[in-house]
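See structure below.
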């Protein structure tokens, strides 16, 4: 009877104790979250209740397993397994607690500062710091698990002795990876590019969606994702439209006939912008920037608060201006000239006709149709 009750008391007591302590801790965190709603710390800590209960249960079972006197022939293997579970659960719990603290710090900073550029910079730094913490905790946990095996302890001296050679080999083999990792830290704390920035890389326009220690993801306007090594942003030039503020200036071009009504187009541009909600009202302008034998190049300058709005303003101005020209000034649109060329004064065309600047009698004589009949 004792052989049955003892394991039940040991294992059942450990599970019950874990559930009771876990429930009590969760209730305390819930009340703290309701009382201090200005900070998300207590609510975020509740996400760690599963690893917290797993740590309690593993610790209780590891400490009381010898008292159960069960499976004595496999006690060493079971004890080793419980130790590994305890180490893994502890690492999991540490990562959850660190994530809660870091997220709370970022939330407070975001509420206290209304500058989007600063908030994005801190968000980028927080993301990379959290990844570093997770990697360090994972490495330490794996090392602690390996050290629980006696064979690993015996091999420790030889591993340490060859650490210098292994370090050199690993450094040469992982040169690009290490450079990307240092580049990621440089981006995070150098404020070169941040999550949410609008950038142009390799001719593609998009928004920075994710930054890690080794790669960066840009989401393009057509929902594609471009994944690039972070070392690209530290070694090559790129456009960051969000740096120094989100306000932008856009340009719209038209190729029109030389007779285009430029002054009326300026007035029409002003009316279009006044009816466009995306225009921020800072500036606008319309000038002729170039001319060719057949057309002139007209440039409109418009402004907006960010990259999305400047795109809306540009397409709106382009479409409405072309529609207005088609309806009211169709002659201003570019066309192919098929008329005879006007010759310089005194020149004669191949058919013997003189230019149009000759006197009227001569012109009438050349173009007068032959007379037939009398009178």
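Listing for the model above:
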quantity	calculated
Among (1) modelled with pLDDT under 75; (2) outside any loop (DSSP other than H, G, I, E, B); (3) closer than 30 Å to residue 197 by Cβ; (4) more than 19 Å from the chain's Cα centre (by Cα), the one test that residue 117 misses	(4)
Qualifying residue in the stretch 279-287 (condition: surrounded by 15 or more Cβ atoms within 10 Å (Cβ to Cβ), without any contact (Cβ under 8 Å) to a residue 60 or more places away in the chain and farther than 15 Å from residue 249 by Cα)	no
Residue match in the stretch 74-81 (condition: at pLDDT 80 or above and either assigned to a helix (DSSP H, G or I) or over 30 Å from residue 194 (Cβ atoms) (or both))	yes
Residue 256 being touching a residue at least 12 places away in the same chain (Cβ under 8 Å), closer than 16 Å to residue 323 by Cα and in contact with a helix residue (DSSP H, G or I) (Cβ under 7 Å, 6 or more places away or on another chain)	yes
Residue check, residue 200 in the same structural domain as residue 269 (by TED's automatic domain parsing), part of a strand (DSSP E or B) and either loosely packed, with under 12 Cβ neighbours inside 10 Å or modelled with pLDDT of 75 or more (or both)	no
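The values are calculated or read from the model by the stated rules, or taken from the named source; none is laboratory data. Just so we're clear, the structure is a prediction, and the values are computed from it rather than from any experiment. Cβ atoms come from the backbone with ideal geometry, glycine included; neighbour counts cover every protein chain shown.
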